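Report on the structure given below.
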Amino acid sequence: MSTALIIVDIQNDYFPNGKMELSNPVKAADNAGEILEWFRQNNEDNIFHVQHISNDEGIGFFLPNTEGVKINQAVLPIEQESIIIKHTPNSFFKTELESKLKDKGVTKLVIVGMMTHICIDATVRAAVELGFETTLIEDACATRDLSYQDKVVPAEQVHYAFVSALKSMYANVISTEDFLQQKANTIL
């Protein structure tokens, strides 16, 4: 069985001074970078960067040909790593991600990225529905405060609510440290 890393939307608009700044994006990106480095050293053929490029200027971020749409330096792809372009929250919807994974015989996914409550949620659920065994590195993900009417839900609560829901039936949810320790023990 083959495992792939999927890095979802770690793009400049989510960082300080971006058009859709998240809560603690730098820490999440640094953790994603640690996972990326592990894959580069141990499984370099199965790294996929997903980049969201908006088709709707009204959204206001991830607009084509802007600094904000670029993949953040914490997880910059190198030459042999695949970049999958998407236009919706689900990294599989109308993209070549599923076919590329199946061509490589991938059956397991490790997912990191942004935003926990939209693109990560949609991608994890789709991955499982497509038959992939999925692990979510929860502290390599970030989100933002949400509001509904006069209620504001802090980013940390949003994050843990979605992570908890995904853990219940969709994914193995662990931290960066636990993932690296488990993988190190598997190799030794």
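The values are calculated or read from the model by the stated rules, or taken from the named source; none is laboratory data. Only a predicted model underlies this, so the values are computations on that prediction, with no experimental measurement involved. Here the Cβ positions follow ideal geometry from the backbone for every residue, glycine too, while neighbour counts run over all protein chains shown. Please note that ligands, DNA and RNA were not included when accessible areas were found on the heavy atoms of the full protein model with its side chains. Shrake-Rupley method; radii C 1.70, N 1.55, O 1.52, S 1.80 Å.
Quick notes
- Residue tally, condition in a helix (DSSP H, G or I), of a type in the set (A, V, I, L, M, F, W, C) and over 18 Å from the mean Cα position of the chain (by Cα), over segment 137-182: 1
- In segment 51-74, the residue that is nearest to residue 135 (Cα to Cα) out of those that are of a type in the set (Gly, Ala, Ser) and under 18 Å from the mean Cα position of the chain (by Cα) is 74.
- Considering segment 127-136, the residues that are outside any strand (DSSP E or B) and crowded, with 19+ Cβ neighbours inside 10 Å include one that is nearest to the chain's Cα centre (by Cα), namely 127.
- Near pairs, Cβ below 8 angstrom, 6+ apart or cross-chain, from segment 90-119 (free of Cβ contacts under 8 Å to residues at least 40 places away in the same chain and closer than 23 Å to residue 61 by Cα) to any residue that is among the acidic types (Asp, Glu) and part of a helix (DSSP H, G or I): 92/98
- Among the criteria (1) surrounded by 16 or more Cβ atoms within 10 Å (Cβ to Cβ); (2) closer than 23 Å to residue 82 by Cα; (3) modelled with pLDDT of 95 or more, the one residue 105 does not fulfil is (1).
- Tally of residues being in contact with a Phe, Trp or Tyr (Cβ under 7 Å, 6 or more places away or on another chain) and either in a strand (DSSP E or B) or under 21 Å from residue 181 (Cβ atoms) (or both) across segment 8-34: 1
- Screening segment 69-94 for residues that are among the small types (Gly, Ala, Ser) and more than 18 Å from residue 30 (Cβ to Cβ) and picking the one that is most open to solvent (accessible area, probe 1.4 Å) gives 82.
- With respect to the conditions (1) assigned to a helix (DSSP H, G or I); (2) within 15 Å of the chain's Cα centre (by Cα); (3) of a type outside the set (Val, Ile, Thr), residue 48 falls short on a single one, namely (1).
- Residue count for segment 8-58, restricted to those that are touching a residue at least 60 places away in the same chain (Cβ under 8 Å), among the aromatic types (Phe, Trp, Tyr) and either touching a Pro at 6+ places or on another chain (Cβ under 7 Å) or open to solvent by 10 Å² or more (accessible area, probe 1.4 Å) (or both): 2.
- Considering residues of segment 43-60 that are farther than 15 Å from residue 78 by Cβ and polar (S, T, N, Q) only, the residue modelled with the lowest pLDDT: 55
- Restricting segment 155-166 to residues that are touching a residue at least 24 places away in the same chain (Cβ under 8 Å) and not aliphatic (A, V, I, L, M), the residue that is most open to solvent (accessible area, probe 1.4 Å) is 156.
- Failed item in (1) farther than 18 Å from residue 51 by Cβ; (2) open to solvent by less than 60 Å² (accessible area, probe 1.4 Å), with residue 140 passing the rest: (1)
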